[in-house]
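Participant: Here it is: the structure, laid out below.
The values are calculated or read from the model by the stated rules, or taken from the named source; none is laboratory data. Source: prediction; values computed, not measured. A quick note on method: Cβ atoms are made from the backbone with ideal geometry, for glycine too, and the neighbour counts reach across all protein chains shown. Calculation scope for accessible area: heavy atoms of the full protein, side chains included, ligands and nucleic acids excluded. Shrake-Rupley method; radii C 1.70, N 1.55, O 1.52, S 1.80 Å.
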Amino acid sequence: MSEHLISPVALIHTPYQQKFAIPRQPGLVSAAEATLELLPPYDNPECVRGIEAFSHLWLLFKFHQTAEQGWKPLVRPPRLGGNTKVGVFASRSTFRPNAMGLSVVKLLAVDITHGRASLRLQGVDLVNGTPIYDIKPYLPYSDAINEAAGGFADSRPDSEMTVLFTPEAAQQLAHHQQRYANLQLLIEQVLQQDPRPAYKQRVVASQNYGMALYDLNIKYRVEAKITEVLEINSD
């Protein structure tokens, strides 16, 4: 079989600077907004003419940060606790033969600046700088299948985590929200999803963690079902 070379049509700019903290599926963190920067010659406004009539879009992208690690025939989905293995094609693992991913996002607006088109999106689950290989409209009548079975991920994951801010973190949050208006909601929604590895989610004892959103380092502590944000500092 012959090989085919493909090149990105866009790059996406998101709050997520690393794999950790990215929601495991799109749409789970509505506060995660992004800009899709179309690359020449695809940044021609004619390429997106009429796209504003669609509320959602499919993005075909590459898991560029893990592609060099290769693929695995068996993977451990987080929804199964991180121990049970399933076939790679029965999962949405990043370790795929062609390192390709598919994500549905909400289209907020089409921006035209100096003759170049870009898209503002919501509910993204992609790391900053992810290459986008194609963009397609989401069609509710064919893409939403009411009787579809979701296997081991048949329902939305539980979001039982309570998120609190220490007085110091609340003060830092107020400062940084001058640049990122939805920062508090973004932090809360990300932490409510409990981004820790599946095996860590069974730990009851208090432990400290960190994550990066935008140019901010966020330190927090988890104990049982309580997450407390300790610090929010810029790089």
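Participant: Take the residues of segment 40-60 that are in a loop (DSSP other than H, G, I, E, B) and under 15 Å from residue 111 (Cβ atoms): which is most open to solvent (accessible area, probe 1.4 Å)? Spell out how you get there, then give the answer.
Facilitator: Taking segment 40-60 first, the residues in a loop (DSSP other than H, G, I, E, B) are 40-44, 49-50, 54-55.
Narrowing the set further to residues that are under 15 Å from residue 111 (Cβ atoms) leaves 42-44, 49.
Values: 42: 84, 43: 18, 44: 66, 49: 185 Å².
For segment 40-60, the residue satisfying everything is 49.
Participant: Considering only residues that are buried (at least 21 other Cβ atoms within 10 Å of the Cβ) and of a type outside the set (S, T, N, Q), which ones fall in segment 120-134?
Facilitator: Listed by number, the residues that qualify are 121, 123, 124, 125, 126, 127, 132.
Participant: If you don't mind, there's one more thing I want to ask. Kindly indicate whether residue 112 is within 30 Å of residue 47 (Cβ to Cβ), in contact with a helix residue (DSSP H, G or I) (Cβ under 7 Å, 6 or more places away or on another chain), of a type outside the set (Asp, Glu) and touching a residue at least 24 places away in the same chain (Cβ under 8 Å).
Facilitator: Details: within 30 Å of residue 47 (Cβ to Cβ): yes; in contact with a helix residue (DSSP H, G or I) (Cβ under 7 Å, 6 or more places away or on another chain): yes; of a type outside the set (Asp, Glu): yes; touching a residue at least 24 places away in the same chain (Cβ under 8 Å): yes.
Taking the combined requirement at face value, the residue satisfies it.
Participant: Let me ask another. Looking at segment 49-66 only, could you name the residues that are touching a Phe, Trp or Tyr at 6+ places or on another chain (Cβ under 9 Å) and of a type outside the set (D, E, K, R)?
Facilitator: Of everything in segment 49-66, those that are touching a Phe, Trp or Tyr at 6+ places or on another chain (Cβ under 9 Å) and of a type outside the set (D, E, K, R) turn out to be 54, 55, 56, 57, 58, 59, 60, 61, 63, 66.
Participant: So in segment 62-81, with the set limited to residues that are closer than 23 Å to residue 6 by Cβ and over 16 Å from the mean Cα position of the chain (by Cα), which one is surrounded by the fewest Cβ atoms within 10 Å (Cβ to Cβ)?
Facilitator: Taking the candidates together, the pick is 68.
Participant: Take residue 193 and decide whether it is closer than 24 Å to residue 84 by Cβ and not assigned by the TED database to the domain that holds residue 63.
Facilitator: yes
Participant: Also: Filter segment 28-39 down to residues that are out of contact with any Ser or Thr (no Cβ under 9 Å at 6 or more places or on another chain) and crowded, with 17+ Cβ neighbours inside 10 Å and give me whichever is farthest from residue 196 (Cα to Cα).
Facilitator: 31
Participant: Has segment 88-100 got any residue that is farther than 21 Å from residue 144 by Cα, assigned to a strand (DSSP E or B) and open to solvent by less than 20 Å² (accessible area, probe 1.4 Å)?
Facilitator: No, segment 88-100 contains no residue that is farther than 21 Å from residue 144 by Cα, assigned to a strand (DSSP E or B) and open to solvent by less than 20 Å² (accessible area, probe 1.4 Å).
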